[in-house]
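What follows is calculated from the coordinates using simple rules that are stated; it is not laboratory data. Bear in mind that the values here come from a model prediction, so they are computed numbers and not experimental data. A quick note on method: Cβ atoms are made from the backbone with ideal geometry, for glycine too, and the neighbour counts reach across all protein chains shown.
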Amino acid sequence: MDLKKINLSSISPDKIRNFSIIAHIDHGKSTLSDRLLEFTGTIDSRHKHEQFLDKLQVEKERGITVKAQTASMFYNYKGETYLLNLIDTPGHVDFSYEVSRSLYACQGAILLVDAAQGVQAQTMANFYLAFDQNLTIIPVINKIDMANADPERISKEMTHLFDFKKDEIIKASAKSGIGITDILDAVIERIPAPESSTNKDLKALLFDSWFNDYKGVICLIAVKDGVIKKGDKITLAQSSQSYEVLEIGLMYPNETSMDALYAGQVGYVVCGMKNVLEARVGDTIYHTKRPVEPFAGFKPAKPMVFAGIFPVENEEFDLLKDSIEKLTLTDASVKVEKKNSTALGLGFRCGFLGLLHMDVFKQRLEQEYNLSVIITAPSVLYKVKLTNGETIDIENPSDFPEPQRIEAIYEPVIDATIILPSQYLGTVLKLCHDKRGTQKGLEYLSEERIILRYRLPLNEVATDFYDQLKSVTSGYASLDYEEAGYQESDLVKMDILLNGDPVDALSVIVYRDNAYYIGRDLVEKLKKVIPRQLFQIAIQAAIGAKIVARETISQLRKDVIAKCYGGDITRKRKLLEKQKEGKKKMKAVGGVKIPQEAFLTILKKEN
């Protein structure tokens, strides 16, 4: 459809539908988005490629959505032209913050469920996110043309869990194009139009932003009331900064410039913002000198996992700083502060929503900004009660106070929901028990599938719990979790010493009963990844002054007597004594070079 022939002002708010697609990871959200864009003529066959809205390299490589994307479509329904604004959201538990932000700009959501896999943990979490915001939910069963699809069983699960009526559920296949018309018709018939008015003063929600090298900061906005035009003077409520609108338009499906955006519409605005911190997600935009009541804003994301990010070369610190600033604009849920490590130099301490989130952030730094970085072992935020009655927050093991000053340590816990096939129940119960979990509930979803609820320490889940869960259930289990506060626990700080010197970046917080096994495991792994040097290296795991495990890397030995062919023994002794003196001196001044693999070693803990 030619946008020049469409007058946006003629599309009244009752002809607008703002909706999102929510689902568990790999249930076909991005494929359905592609079909909707093709069916409405937003993209043609020349520009068609798989997962059109997954624009990041990391998304294409991993086949997952990391960043919520928006696209506008025009659809002719019963002789009337409707403007549909689609927001494609991530499915992985670590990116639920992106989902909750996107739902703010919507009045409805398509809940997508795989016809073979059925309802998963993140399906339930996303349903309740949408339900809490009073959105109209359209249930869709996707991939019905697959050989192992069982739409009838999935229908029963959805009616049982979410109280849908059977005739409300649309059966579709995004890949084959089955049911696309039914979905578009349902969006128009079931989802309400935004409650907006063009006659009121401008009030728009800034719900996403990203950085463009040529245009600066591009803001994604949902216009609640009024009209915003090119050349308008606008103000952001939180920062009280004022700007002039330089460019405005729709995402059709990429930035397409228009003269104005009207009440109920979703689009982008460029207003010459240079600093990445100026565009605060959740801010309210209004016309300068005509202030309005601001939106409540978003509940800020709480980081769950903390890790240090350091440049491999110290000279690249400024480059890393700029790159992290630009990246945090597109990912507002990352918390960043500057940190100095004795082992790794200047760097940053970053808070992430989960381990995949951390991994994706690192991959984006390397791919999009061509940086080489070291990322330290992840840790969580502990609360430490001191003997003087004071309570402090600790996120870095190296900041832990002396043991004699600690009265109690509290660690964060989560309430996990695990959906799994019944034949794997025993192995999953053992895994949760090994991770110090407490069972909260067990419910049969059907004869073959179980919902298991557990309270688990976040420290145990933050490293490789998800990988182990997938491993013991052959990939069939799904996990979702939410914060559940803090509980007191018997934890200790374990230092890793190299030749007697502690390496702060390798310190970990461990449960006291497991300390010996974890210490022994770590020193064994480090022995394999730290290369041999010209002097002996002692690797020790210590709790306070007590050494719980030790491994030794023997020195490389140069054969200095190789050139001696027979002759007097005193010549050989002289050479060996000279080598011995040289090694003593080298041991005194030589530092142990630690490769990146040593830090990655601590990422994966084994029982």
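Each Lys and Arg Cβ is given +1 and each Asp and Glu Cβ -1; about its Cα centre, the chain then shows a dipole of about 2500 debye. Relative protection proxy for 407-416, 315-324, 218-227, from highest mean packing down: 218-227, 407-416, 315-324 (other beta-carbon atoms within 10 angstrom). Take every Cα pair under 8 Å whose residues are at least 6 apart in sequence, average their separation, divide by the length of the stretch 104-234, and the relative contact order is 21 percent. Modelled spin-label separation between residue 575 and residue 557, with each label point placed 7 Å from Cα along the Cα-to-Cβ direction: 1.4 nm.
Ranked by the mean number of other Cβ atoms within 10 Å per residue, highest first, peptides 391-399, 304-312 order as 304-312, 391-399. Using the Cβ-Cβ distance between residue 178 and residue 517 with R0 = 56 Å, the FRET efficiency computed as 1/(1 + (r/R0)^6) comes to roughly 0.60. 3J(HN,Hα) along the stretch 256-265: 10, 5, 10, 7, 7, 10, 10, 3, x, 8 Hz, from the Karplus curve 6.51 cos²θ - 1.76 cosθ + 1.60 with θ = phi - 60°, whole Hz, x for Gly and Pro.
Among 496, 561, rank each residue by its count of other Cβ atoms within 10 Å, from fewest to most, as a rough exposure measure. Intermediate results must be reported in sequence, preceding the final value.
Values: 496 24, 561 14.
By the 10 Å Cβ count, ascending, the order reads 561, 496.
Taking each residue as 0.36 nm, the span from residue 427 to residue 81 lengthens on full extension beyond its C-alpha to C-alpha distance by 119.1 nm.
About its Cα centre, how strong a charge dipole does the stretch 330-421 have in debye, to the nearest 20, once Lys and Arg get +1 and Asp and Glu get -1 at the Cβ? Working shown, then result.
Values: 9 positive and 13 negative charges, 35 e Å.
It comes to approximately 160 debye.
Between the stretch 214-292 and the stretch 563-584, the C-alpha centres lie 78 angstrom from each other.
Between the C-alpha center of the stretch 149-206 and that of the stretch 18-36 there is a gap of 11 Å. Helical runs (DSSP H, four residues minimum) scored at -39500 (n - 2.57) apiece and divided by the length of the chain put the mean residue ellipticity at 222 nm at -7500 deg cm²/dmol. Computed from the C-beta positions of residue 293 and residue 136, the FRET efficiency with R₀ = 30 Å rounds to 0.75. Convex hull of alpha carbon positions in the stretch 343-455: directionally averaged projected area 10.9 nm². Taken over the alpha carbons of the stretch 438-555 as equal point scatterers, the Debye sum produces base-10 log I(q)/I(0) values at 0.14, 0.19, 0.20 Å⁻¹ of -0.75, -1.04, -1.10. Think of the chain as a dipole: +1 on every Lys or Arg Cβ, -1 on every Asp or Glu Cβ, centred on the Cα centre; then among 131, 336, 158, 336 lies furthest on the positive end.
Across the chain, the mean sequence separation of Cα contacts (distance under 8 Å, 6 or more residues apart), normalised by length, yields a relative contact order of 9 percent. Mind checking which of 28, 223, 485 is farthest towards the positive end of the chain's charge dipole, using Cβ charges of +1 (Lys, Arg) and -1 (Asp, Glu) about the Cα centre? So the residue we want is 485. Identify which of the listed values of volume of the Cα convex hull per residue in Å³ was calculated from the structure shown: (i) 165; (ii) 155; (iii) 204. Read-out from the structure maps to (iii).
Can you find, among 13, 205, 542, the residue sitting farthest towards the positive end of the charge dipole of the chain, where Lys and Arg contribute +1 and Asp and Glu -1 at Cβ? Looking along the dipole axis, the top candidate is 542. Take every pair of alpha-carbon atoms less than 8 Å apart whose residues are at least six positions apart; their mean separation over the length of the stretch 382-489 yields a relative contact order of 34 percent.
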